[in-house]
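Engineer: I'd like to ask you about the structure that follows.
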Amino acid sequence: MSSEDLYLRHHGLLLPRETHCAQSLRFAQEFKFRDDDVTVAVYPKSGTTWMQEILPLVLNGADLTPIQTVPNWDRVPWLEEKRLALVVDQLKSPRGMVTHLPYHLMPPSFHASKAKVIYVMRDPKDVAVSSYHFHKMAQFLETPATLDEFIGRFLQGKVMFGKWTDHVKSWRGSGLGGRILFITYEEMVQDLAAAVGRLSAFLGRDLSEEATQRIVEHCSFNAMKNNCMSNFSLVPKVYMDPDTSPFLRKGIVGDWKNHFSPEQLATFSSVIRKEMEGESLE
Ligand code: PPS
């Protein structure tokens, strides 16, 4: 299928038609945020699914019911996707949502509300590698010819939701102050208990040691890989083929080292460094 068939354009960004349409984007624009809503803003392949697991448990004091009974896409739905309109009435406050939208495309009611945001960042080299494998297994995305070709498209922003650098800069420059928490995929891999501690403090939840440990255990890569509510095994193979690449693929930091050539690393780093000039990011 051609790129035209697979993607629609929204303010210059490519969005998969399989999960987005004009109505879903209008629904997102007209969505009424509540002050106690929590939104996870995240560039694709940076930790969305992981947060769909962790957030409900932090909010409810580590009651496992949501992750054991509700698929991640209905549990913490995407603001901009078709599915939201179908499940919104079933969401109980405080509602958790995820979005891949950049800050400037958030709806008016978000800006008028006090809803909090958790922004998850991941090393863009690992994002590109994860995304490359995802594009091969997801039938609703343009299949990359080679990693080299995909890296080129990634750097030019000719992938879903545009450039990684634009996304990160939009949220870092949002000026949301105490309404936004920045957290990295890498710190979650390194010490999930500490990351859960940061999240619960931000959300004003007082989690016991035991509750924190339960979240860490049930949100580990292996636990999620074996949880059919979270590993996308409920999605028919014609849409996502786990034999090509599982959705929960490796879950590690630095997999780019197994994929990037020295030349690809040099090009990638130089483009990202240039576009991130002035941003205090390591
Ligand atoms: S998507 O399609 O945007 O929703 O993808 P997203 O969920 O943002 O990113 C998928 C990557 O996150 C990894 N992942 C995890 N890593 C470590 N621990 C846990 N628990 C976890 N859950 C999801 C997932 O494996 C993808 O990364 P890669 O590098 O491809 O393994």
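Engineer: Quick one: would you say PHE161 is in contact with a His (Cβ under 6 Å, 6 or more places away or on another chain) and of a type in the set (A, V, I, L, M, F, W, C)? If you could, list the steps in order and put the result at the bottom.
Structural biologist: Working: in contact with a His (Cβ under 6 Å, 6 or more places away or on another chain): yes; of a type in the set (A, V, I, L, M, F, W, C): yes.
Considered against the rule, which asks whether it is in contact with a His (Cβ under 6 Å, 6 or more places away or on another chain) and of a type in the set (A, V, I, L, M, F, W, C), PHE161 comes out as yes.
Engineer: If you don't mind, there's one more thing I want to ask. Identify, please: which residue in the range 219-239 is buried (at least 17 other Cβ atoms within 10 Å of the Cβ) and under 17 Å from the mean Cα position of the chain (by Cα) and is, among those, farthest from the ligand (Cβ to nearest atom)?
Structural biologist: Among those that are buried (at least 17 other Cβ atoms within 10 Å of the Cβ) and under 17 Å from the mean Cα position of the chain (by Cα), it is MET229.
Engineer: Also: Report, by residue number, each residue of the range 252-268 that is assigned to a loop (DSSP other than H, G, I, E, B), within 10 Å of the ligand (Cβ to nearest atom) and surrounded by 17 or more Cβ atoms within 10 Å (Cβ to Cβ).
Structural biologist: VAL253
Engineer: Separate question: Out of LYS45, LYS92, LYS32, report the one residue that is surrounded by fewer than 17 Cβ atoms within 10 Å (Cβ to Cβ), touching a residue at least 24 places away in the same chain (Cβ under 8 Å) and assigned to a loop (DSSP other than H, G, I, E, B). Steps first, answer last, please.
Structural biologist: Details: LYS45 fails: surrounded by fewer than 17 Cβ atoms within 10 Å (Cβ to Cβ); LYS92 fails: touching a residue at least 24 places away in the same chain (Cβ under 8 Å).
Exactly one of LYS45, LYS92, LYS32 is surrounded by fewer than 17 Cβ atoms within 10 Å (Cβ to Cβ), touching a residue at least 24 places away in the same chain (Cβ under 8 Å) and assigned to a loop (DSSP other than H, G, I, E, B), namely LYS32.
Engineer: Answer with yes or no whether SER208 is hydroxyl-bearing (Ser, Thr, Tyr), farther than 30 Å from ASP37 by Cα and at pLDDT 95 or above.
Structural biologist: Working: hydroxyl-bearing (Ser, Thr, Tyr): yes; farther than 30 Å from ASP37 by Cα: no; at pLDDT 95 or above: yes.
No; evaluated as a whole, the condition is false for this residue.
Engineer: Next question. Please find, among LEU79, LEU25, LEU91, the residue that is within 16 Å of the ligand (Cβ to nearest atom) and out of contact with any Cys (no Cβ under 7 Å at 6 or more places or on another chain).
Structural biologist: Details: LEU25 fails: within 16 Å of the ligand (Cβ to nearest atom); LEU91 fails: within 16 Å of the ligand (Cβ to nearest atom).
So the residue among LEU79, LEU25, LEU91 that is within 16 Å of the ligand (Cβ to nearest atom) and out of contact with any Cys (no Cβ under 7 Å at 6 or more places or on another chain) is LEU79.
Engineer: A further question on this structure: For PRO44, which of the numbered conditions (1) out of contact with any Ser or Thr (no Cβ under 9 Å at 6 or more places or on another chain); (2) under 17 Å from LEU105 (Cβ atoms) fails to hold?
Structural biologist: Result: PRO44 passes all but (1).
Engineer: Within the set of pairs 6+ apart or on separate chains, which have a first residue in the range 97-124 that is under 30 Å from HIS259 (Cβ atoms), a second that is among the β-branched types (Val, Ile, Thr) and assigned to a loop (DSSP other than H, G, I, E, B), and C-beta atoms under 8 Å apart?
Structural biologist: From the range 97-124, the pairs are VAL98/VAL76; ASP123/VAL253.
Engineer: Right, another one. On the given criteria, is MET97 under 24 Å from CYS228 (Cβ atoms) and buried (at least 21 other Cβ atoms within 10 Å of the Cβ)?
Structural biologist: Working: under 24 Å from CYS228 (Cβ atoms): yes; buried (at least 21 other Cβ atoms within 10 Å of the Cβ): yes.
Here the answer is yes, as MET97 does meet what is asked.
Engineer: From MET97, MET51, MET106, grab the single residue that is within 16 Å of the chain's Cα centre (by Cα) and away from the ligand (no atom under 15 Å from the Cβ). Please lay out each step first, then the result.
Structural biologist: On the way: MET97 fails: away from the ligand (no atom under 15 Å from the Cβ); MET51 fails: away from the ligand (no atom under 15 Å from the Cβ).
Step by step, each of MET97, MET51, MET106 is checked, and only MET106 is within 16 Å of the chain's Cα centre (by Cα) and away from the ligand (no atom under 15 Å from the Cβ).
The values are calculated or read from the model by the stated rules, or taken from the named source; none is laboratory data. The shown structure was predicted, so the numbers you read here are calculated from the model rather than taken from an experiment. Because the Cβ atoms are built from the backbone with ideal geometry, glycine has one as well, and the counts that use them run over all protein chains shown.
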